[in-house]
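Okay, so here's the structure we're looking at.
The values are calculated or read from the model by the stated rules, or taken from the named source; none is laboratory data. Note that the structure is predicted; figures quoted are calculated from it, not measured. Note that each Cβ is placed from the backbone with ideal geometry, even for glycine, and that neighbours are counted across all protein chains shown.
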Amino acid sequence: MSGHLDSAELVRKDRASEGGLAERRKGFRALVEARQGVLLPGAANALTARVIENLGFQAVYLTGAGLTNTHLGMPDLGLIAPTEIAETASRISDVCALPLVIDIDTGFGNALNTYRTVQMMERAGAAALQLEDQIFPKKCGHFSGKGVVPMEDMTGKLKACLDARTDPNLMIIARTDARAVLGIEAALERAHIMAETGADIIFVEAPRSVEEIRKIGALPKPQLMNIVMGGLTPMLSLEELREAGFSLVLYANAALQASVLAMNNVLGHLQSHGSLHGIEDQLASFEERQRVVRKDYFDALDARYKQD
C-alpha cells in the first residue's frame, strides 16, 4: 500500500506543477508586459518542448516552419494545415506546462477562417497566437519573393482574432513582413496600425540593420524580435535586445537546426563505420532519454492503478 501512497504523491506533485491554461496565459502576459527580452525557443514537437521546459526556459513557440520541415519534410511555403498545427499544439500542451505561443501563419484564409483558427488554437492550449500579413501561400520570413496583403485585410483578420478569443489573456501577436516588400518605414507604419487595431504584441520580421532593430524596439506596444541563424537580421546579444526594449526574443528553429546537424553527424558515422563506436558522447544516454519523457511519472501511474 505504501507504494501506492508514494505514487499518488508523485502524481499529485506533477499535476500541481502543470497549472491551468488560464494561469499559463496570465503568466505569459506578465512576462511580455515586463519587457525583459524573454528568450522564446521554438519546438516542432512535444519532445523538443519537454527539453525546452527541462532547461528552464519560460515559454515555448510552436514554429510553423519547423513543423513543416519536421512533419512534412518540406520547406516553409504555406503547406501546413491548421488541423496539423492544432494537433501538435495539443500534444505539446499535454506534456509541457510552459505558455505556448503558436504560429498561425496568415490565419489560413480570410477573416472568417482566421476566426475559426483562433478558436481551434485556444482549445489546443495557446497562450499567444502569431498572425502575419503575407499573401497566401506565405513564405518563410527570410525567403525572397514575399508579398503582403492590403492593410485593411490584415486589420480585418486582427479584429477576428480579438473577437474569437474567449480568454482576454490569450495574446495576439501581429507580424508584418512589409520590410522586405515595401521598406522599413512602411513596415513601421503597418506596425502602428496593428497596435491601434488591438494587437497585444508587434512583430516586424527581418529587419536588416541595428538601426532598424532599434526603431522597432521603440514602438509603443511590446515587441518580438526573431533571430534566424543564417537569416537577414543581425544577431544582437540578448542584453542588446533587452536594452532596445524587446519583450520576446524568438529563436524559432535553433533546436531544429541543431538536430539536423546532429542527425547528419551520428547517422553519417554509422553509415561510414557500421557502428556508433567512437561517438557515444554525441548521443543522449538511454537513461536521459527516459528522464526527458518522464518515464518515472508513468511508472508511478502504473503502480497506482495496479491491484495489490
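In this structure, Leu72 does not satisfy being more than 12 Å from the chain's Cα centre (by Cα), at pLDDT below 95 and under 24 Å from Thr117 (Cα atoms). Residues that are within 24 Å of Glu152 (Cα to Cα) and either of a type in the set (Phe, Trp, Tyr) or in a helix (DSSP H, G or I) (or both) within the range 94-119 comprise Phe108, Ala111, Leu112, Asn113, Thr114, Tyr115, Arg116, Thr117, Val118, Gln119, listed in sequence order. Have a look at Leu232, Leu270, Leu248 and point out the one that is under 30 Å from Gly217 (Cα atoms) and either aromatic (Phe, Trp, Tyr) or at pLDDT 95 or above (or both). Going through Leu232, Leu270, Leu248 in turn, just one is under 30 Å from Gly217 (Cα atoms) and either aromatic (Phe, Trp, Tyr) or at pLDDT 95 or above (or both): Leu248. Restricting the search to the range 112-142, which residues are at pLDDT below 95 and either touching a strand residue (DSSP E or B) at 6+ places or on another chain (Cβ under 8 Å) or surrounded by fewer than 17 Cβ atoms within 10 Å (Cβ to Cβ) (or both)? Of everything in the range 112-142, those that are at pLDDT below 95 and either touching a strand residue (DSSP E or B) at 6+ places or on another chain (Cβ under 8 Å) or surrounded by fewer than 17 Cβ atoms within 10 Å (Cβ to Cβ) (or both) turn out to be Gln134, Ile135, Phe136, Pro137, Lys138, Gly141. Taking the numbered list (1) crowded, with 20+ Cβ neighbours inside 10 Å; (2) over 21 Å from Asp105 (Cβ atoms) in turn, Leu248 passes all entries but (2). Within the range 167-188, the set of residues being over 29 Å from Lys26 (Cα atoms) and acidic (Asp, Glu) comprises just one member, Glu185. One residue stands out in the range 273-308 among those that are of a type in the set (Asp, Glu) and over 24 Å from Ile92 (Cβ atoms): the one that is modelled with the lowest pLDDT, namely Asp308. If you go through the range 217-234 and keep only what is buried (at least 21 other Cβ atoms within 10 Å of the Cβ) and over 22 Å from Ile102 (Cβ atoms), you end up with just Gly217.
The set of residues in the range 156-176 that are among the charged types (D, E, K, R) and in contact (Cβ under 8 Å) with a residue 60 or more places away in the chain contains only Asp167. Picking from residues in the range 193-215 that are in contact with a Lys or Arg (Cβ under 9 Å, 6 or more places away or on another chain) and assigned to a helix (DSSP H, G or I), the one that is nearest to Val148 (Cα to Cα) is Met194.
Scanning the range 170-189 for any residue that is out of contact with any Cys (no Cβ under 9 Å at 6 or more places or on another chain), of a type in the set (Val, Ile, Thr), in the same structural domain as Ile201 (by TED's automatic domain parsing) and modelled with pLDDT under 95 turns up at least one such residue.
Name the single residue that is nearest to the chain's Cα centre (by Cα) among those in the range 288-308 being outside any helix (DSSP H, G or I) and over 29 Å from Ala44 (Cβ atoms). If you could, list the steps in order and put the result at the bottom.
In the first step, residues of the range 288-308 are kept if they are outside any helix (DSSP H, G or I); the result is 293-294, 306-308.
From the residues that got through so far, the ones that are over 29 Å from Ala44 (Cβ atoms) too are 306-308.
Working: Lys306: 38, Gln307: 42, Asp308: 44 Å.
Across the range 288-308, the extreme among qualifying residues is Lys306.
Among the residues of the range 149-172, which ones are of a type in the set (A, V, I, L, M, F, W, C) and either in a helix (DSSP H, G or I) or at positive phi (or both)?
Step one: list which residues in the range 149-172 are of a type in the set (A, V, I, L, M, F, W, C), which gives 149, 151, 154, 158, 160-162, 164, 170-172.
Met151, Met154, Leu158, Ala160, Cys161, Leu162, Ala164, listed by residue number.
Name every residue in the range 253-287 that is assigned to a helix (DSSP H, G or I) and within 24 Å of Leu62 (Cβ to Cβ), in order of residue number. Residues satisfying the conditions are Ala254, Ala255, Leu256, Gln257, Ala258, Ser259, Val260, Leu261, Ala262, Met263.
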